[in-house]
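The values are calculated or read from the model by the stated rules, or taken from the named source; none is laboratory data. Keep in mind it's a predicted model, so treat the numbers as computed, not measured. Because the Cβ atoms are built from the backbone with ideal geometry, glycine has one as well, and the counts that use them run over all protein chains shown. Just the protein is used for accessible areas: all its heavy atoms, side chains included, with ligands, DNA and RNA removed. Shrake-Rupley method; radii C 1.70, N 1.55, O 1.52, S 1.80 Å.
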Amino acid sequence: MMDTSITKALKTGWMLLAVSLPLGLTLEVLHGFKVRGYLASEVRREMWRLAHAHGTLLGLTCLAFAALAERHIASPDARRKISRDLRFGAVLMPLGFFLGGILNYEGDPSLGIALVPLGGVLVIVALVRAAIARA
């Protein structure tokens with residue numbers, strides 16, 4: 001039976017990909033059809049591109065963790081902590097970028113951007129923990 005921390009990382013990774021990849025396609029459609037609400041704001045375009053890119057990359061990172069954790073991280077407690085930090089960080093970063101592009105003002109993203117550094121710290125903590133964990 002699979003460790004619940006690994007199952008949760010798998011679900012998070014697949015969900016991030018299921019949201020982020022169609023977001024990228026949607027951005028292409030908005031650009032292709034010259035949707036003014038999207039094209040008029042450079043900040044919105046940048047924030048939403050970052051949301052798409054980070055969501056995709058971090059979704060793949062969650063899947064990589066799920067594929068490798070059981071063999072390379074012996075401690076179930078370490079796997080649980082790494083999985084928790086990675087999952088929350090992987091969701092907060094792209095969410096922060098996406099929210100930063102909603103209701104943004106001239107050159108500044110909206111307040112949602114505050115989630116990005118929090119998510120980034122959680123991802124970095126998870127990666128450092130994984131790097132020093134012993135199998």
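Observations
- For the stretch 32-135, GluC sites (Glu not before Pro) are listed when DSSP marks them as loop and at most 16 other Cβ atoms sit within 10 Å of their Cβ; the list is Glu106.
- Partners for Lys11 among aspartates and glutamates (Cα-Cα distance below 14 Å; same-chain residues under 8 apart left out): Asp3
- Over the chain, dividing the summed -39,500 (n - 2.57) contributions of all DSSP H runs of at least 4 residues by the number of residues returns a 222 nm mean residue ellipticity of -27500 deg cm²/dmol.
- Between Ala40 and Phe88, full extension at 0.36 nm per residue minus the direct alpha carbon distance yields a gain of 14.1 nm.
- Taking the stretch 1-115 and dividing mean pair separation by its residue count, relative contact order in percent (alpha carbons under 8 Å, at least six apart): 35 percent
- Kyte-Doolittle mean at least 1.0, axial Cα span of 24 Å or more - DSSP H helices of the chain: 115-132
- Averaged per residue, the stretch 1-64 has 60 square angstrom of accessible surface, using a 1.4 angstrom probe with ligands and nucleic acids left out.
- Cleavage-rule hits, chymotrypsin sites (Phe, Trp or Tyr not before Pro), the stretch 1-74, DSSP coil, Cβ neighbours within 10 Å at most 15: Phe33
- For Gly101, the residues whose modelled amide H falls within less than 5 Å of its own, excluding neighbours fewer than 5 places apart on the same chain, are Ser110.
- Size estimate for the chain follows the Kirkwood approach: the inverse of mean 1/r over distinct Cα pairs works out to 15.5 Å.
- Bins of 10 Å, starting at 0 and running to the largest distance - Cα pair percent for the stretch 36-88: 22, 35, 20, 15, 8, 0
- Carbon + sulfur, % of accessible area of the chain - ligands and nucleic acids excluded, 1.4 Å: 70 percent
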